[in-house]
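This report concerns only the one structure given below.
Please treat every number below as a calculation from the coordinates, not as lab data. Every value quoted in this text rests on a predicted model; they were computed, and no experiment measured them. We place every Cβ from the backbone using ideal geometry, glycine too, and count neighbours over all the protein chains shown.
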Amino acid sequence: MWKDIRKMTREEIIEELEVLKQVRELSEKVNVDKLLKQELDLEPLRKVNLTMTANGALYHRVEGMLPKIMQKMYTDRVIFKKKMIEAKKKYEKTATKELEKEIARCNNIQMARKVQLNSLYGAMGTPYFRYYKLANAEAITLSGQVSIRWIEDKMNTYLNKVLKTSDIDYVIASDTDSVVGDTDVYANGEKIKIEKLYDNVCSPKNLVCKRDENDYIHNVSDLNLYTKSYDGNSIVDDKIIHIMKHKVKKKFYKISVNGNEIILTEDHSLIVERNGELISIKPYEVDEDDIFINISDTGGCLKTVYNK
């Protein structure tokens, strides 16, 4: 109960229990696509002053200890990033040793805050953390997907309205996960190395953006290519809209699965079975007892050995 039961009438208690039942049912059927399509009635959440994330996790609408800490870190990062930019502008006009040191100092502080923020998110997904709860880490990941896709949808709606077009996808790319070129992926049910897929389907005709000699984005939406994806509840077919080839400056992880290896960036999502449930995790969260879902074969599973 979210209210003081001693101050509630019998009718209020029954009504509260009914609302909580509706909230529980809501949390069991929520996923990213349903939230984006606005298919869910969220009114029960408002009645009991709760909020729900894309994985069905429920939270009181009050600021907790960890959000306060992260807000302080984020505010510090913003402050020192602004100071760094201001110092860079001054340096462009008059280059001095003092300004060079100030730029380095501010950059080190703001990058330290960035690492701390990311580390706290990662810590919530490891059982060795005092405040470990996997639902929190999943909530951040899936809710991030909702935010990115929501923004993409609203941007496309706005641009189609301004440019007087209909159903054109103007958003080229947002934040991305990456794997190396010889990684095996699945396109329309067939395993293929991603660099070969790129060579087979990407051409000057569907090139939509070239930022430099190592950075290309192709729109392949008209080729009807599909891969396997996780919608928060199950493995589903998801259409491939863009294929990007680019260089990244991120930490890479190598994961070995029964002799097969995959190399991917730290922010890439992986689907594993843990304690009988499908969950989405990051490479640094993989446990030796996790079971990877081999999505090329129905129901096939592979045990993992984790190598950093």
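Going highest first, how would you order 24-32, 115-123 by mean Cβ packing within 10 Å?
24-32, 115-123
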Excluding residues on the same chain fewer than 8 positions from residue 191, give the aspartates and glutamates whose Cα lies under 18 Å from its Cα.
-> 182, 199, 237, 238, 261, 297
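Run the numbers for residue 161 and residue 21: contour at 0.36 nm per residue of separation, minus the present Cα-Cα distance, in nm.
That works out to 46.3 nm of additional length.
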Sequence neighbours fewer than 8 away in the same chain don't count; with that in mind, list the lysines whose C-alpha is under 17 Å from residue 88.
-> 97, 101
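Sort 223, 42 so the one with the fewest other Cβ atoms within 10 Å of its own Cβ comes first.
Numbers: 223 17, 42 14.
The fewest-first ordering by Cβ neighbours comes to 42, 223.
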As straight-line cross-link partners of residue 164, the qualifying aspartates and glutamates (C-alpha separation under 18 Å, not fewer than 8 residues apart within one chain) are 152, 153
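Quick check on packing: order 134-143, 92-101, 64-73 by the mean number of other C-beta atoms within 10 Å, highest mean leading.
On the way: 134-143: 19.8, 92-101: 10.1, 64-73: 12.0.
Descending packing order for the listed peptides: 134-143, 64-73, 92-101.
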